[in-house]
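Heads up, the thing below is written out as C-alpha cells.
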Amino acid sequence: MRIDRIIAVWALLSVPLAASAQSGSPKFHGAFKEDFSAASSEYFNYNYRPSGEDFRYCSGIPSLSENGTDIMLYRIDPDDPAGAGRGPEIISKDYTFYGSYSARFKVPDVRKAQPDAGLVVGYFTYNIDREFGQSEIDIEVLLADPRIIYVGTWTGKRGAHNRIGRIVNLATGEILETIWRSEVRHPDGAVTKIPNTPFAGRQNKPAKIEAIEGFDASADFYTYGWDWYPDRLVWWIINPQTGKKLALWDYKGKDIFPDQPSKTGVPCLKSRYRLNFWHTSNWPVETNPESVEAPRYPYELEIDWMAYEPFGKFFLTLGD
C-alpha cells in the first residue's frame with residue numbers, strides 16, 4: 001500500500017475515533033440500506049408525537065405510484081406547527097460520519113390543490129456539539145416548485161449560523177445561486193452578519209449543470225445523494241436517462257469561517273441521518289414568493305429506501 005493511501009486511511013478513521021473518545025464512545029452505523037419493507041426499522045427511529053404512534057407513518061406498504069415497490073409513507077398533518085422537525089421525520093439510531101449517502105423518494109404534487117403551500121422535504125444529516133459545533137448536510141425540495149433542488153450545509157458554534165449553499169433548477173440546468181453567508185451572535189447581544197456572498201472558481205463547480213429533461217421531483221422517484229469527505233462535499237442525483245451520477249455541486253472547502261471548528265463549511269462532527277416532511281411559514285421557493293401557506297390536506301411523501309456507506313474501506317482502494 002502506498003504511503004499516501006496509508007495516511008488517508010489513518011486521517012479518515014482517526015476522526016470518528018477521537019470524537020468517540022471525547023463524547024462517551026457513541027455508536028456508529030456500518031454500511032446499510034433500509035428498504036422500508038417492514039413495519040419498523042433496524043436503523044431509524046420515528047419521531048412520534050408524545051402520545052405515541054400516529055397516522056403520519058406507514059412503513060412496509062405498497063407504493064401508491066410504482067408497482068412492486070414497498071415504501072415508507074409520510075402523511076403530513078395540517079395541524080402540525082410550522083418548523084423543521086415538527087412534521088414526520090425518521091432519525092438514525094446511531095451516528096454516521098464521512099461516507100456516501102443516498103436515498104430514493106418521490107415528493108407529492110401539491111400545485112393543483114394548493115399552489116402556495118409552504119411544504120418542505122428535507123433529506124439530511126444533523127447534530128450539534130459544544131466543541132465541534134453544528135453538523136448539517138442538506139438536500140431539500142420545496143413542493144411549490146419541485147423542479148428546484150437546494151443543497152448545502154449549516155455549521156458553526158457559539159451562536160454562529162454558517163451556511164454554504166447552492167440552488168439548482170434541474171429541469172433547465174440553471175444554477176440560481178452558489179453562496180456562503182454567516183451570522184454570529186456575540187455574548188453582548190451584538191450580531192455580526194456576512195450576507196450571501198457568491199462563490200467563484202474551485203468552489204463553484206460544476207459551473208454548468210446538464211438539465212434532466214422533464215425533471216419534476218413529484219412526477220417520479222429519483223435517487224439523490226452526497227459524498228462527505230473531510231475536505232470536500234459532492235451532492236448528486238442519478239440521471240434516469242443515463243443511469244449515471246450528475247453532480248449538483250462539487251464543493252472543495254475554502255477557509256471562509258476562520259474562527260470555527262469547520263473553517264470551510266464542510267462539517268467535521270459525527271451526525272445523525274434523517275429525512276423529514278414539514279411546512280414553513282417564512283421560506284418561499286425561489287419562483288413563488290407567496291408559497292408559505294400551511295398545508296390544507298394530509299399530503300403524502302413516498303420513500304423507497306435510504307442507504308449509507310462509510311468511507312474507511314473506500315480509501316483503501318484508491319489508486320488500485
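The values are calculated or read from the model by the stated rules, or taken from the named source; none is laboratory data. Remember, it's a predicted structure, so these values are computed and weren't measured experimentally. Positions of Cβ are generated from backbone atoms using ideal geometry, with glycine treated the same way; all protein chains shown enter the neighbour counts.
Only one of D145, D138 is in a loop (DSSP other than H, G, I, E, B), within 23 Å of L301 (Cβ to Cβ) and of a type outside the set (A, V, I, L, M, F, W, C); which?
D145
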Restricting the stretch 279-291 to residues that are under 20 Å from N169 (Cα atoms) and touching a strand residue (DSSP E or B) at 6+ places or on another chain (Cβ under 6 Å), the one surrounded by the most Cβ atoms within 10 Å (Cβ to Cβ) turns out to be V285
Any chance A294 is in contact (Cβ under 8 Å) with a residue 40 or more places away in the chain, surrounded by 15 or more Cβ atoms within 10 Å (Cβ to Cβ) and within 17 Å of I167 (Cβ to Cβ):
no
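For the stretch 62-70, check the following and say yes or no: at least one residue is closer than 22 Å to P295 by Cβ, in contact (Cβ under 8 Å) with a residue 60 or more places away in the chain, aliphatic (A, V, I, L, M) and surrounded by 16 or more Cβ atoms within 10 Å (Cβ to Cβ). First the steps, then the outcome.
Going through the stretch 62-70, the residues closer than 22 Å to P295 by Cβ turn out to be 63-65.
In the following step, the residues that additionally are in contact (Cβ under 8 Å) with a residue 60 or more places away in the chain were identified as 63-65.
Still in the running and aliphatic (A, V, I, L, M): 64.
Imposing the further condition that a residue be surrounded by 16 or more Cβ atoms within 10 Å (Cβ to Cβ) reduces the set to none.
No, the stretch 62-70 has no match at all.
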Whichever residue in the stretch 211-244 is free of Cβ contacts under 8 Å to residues at least 24 places away in the same chain and surrounded by 17 or more Cβ atoms within 10 Å (Cβ to Cβ) and, among such residues, is farthest from V107 (Cα to Cα):
V234
K254 fails exactly one of the following numbered conditions: (1) closer than 25 Å to M306 by Cβ; (2) modelled with pLDDT under 95. What is the number of that condition?
(1)
Complete set of residues in the stretch 206-234 that are hydrophobic (A, V, I, L, M, F, W, C) and over 30 Å from K263 (Cβ atoms)
A211, I212, F215, A217, A219, F221
For Y273, indicate whether it is in contact (Cβ under 8 Å) with a residue 60 or more places away in the chain, closer than 21 Å to K157 by Cα and not hydrophobic (A, V, I, L, M, F, W, C).
yes
Just checking, does the stretch 104-113 include any residue being in a loop (DSSP other than H, G, I, E, B), over 13 Å from the mean Cα position of the chain (by Cα) and of a type in the set (G, A, S)?
yes
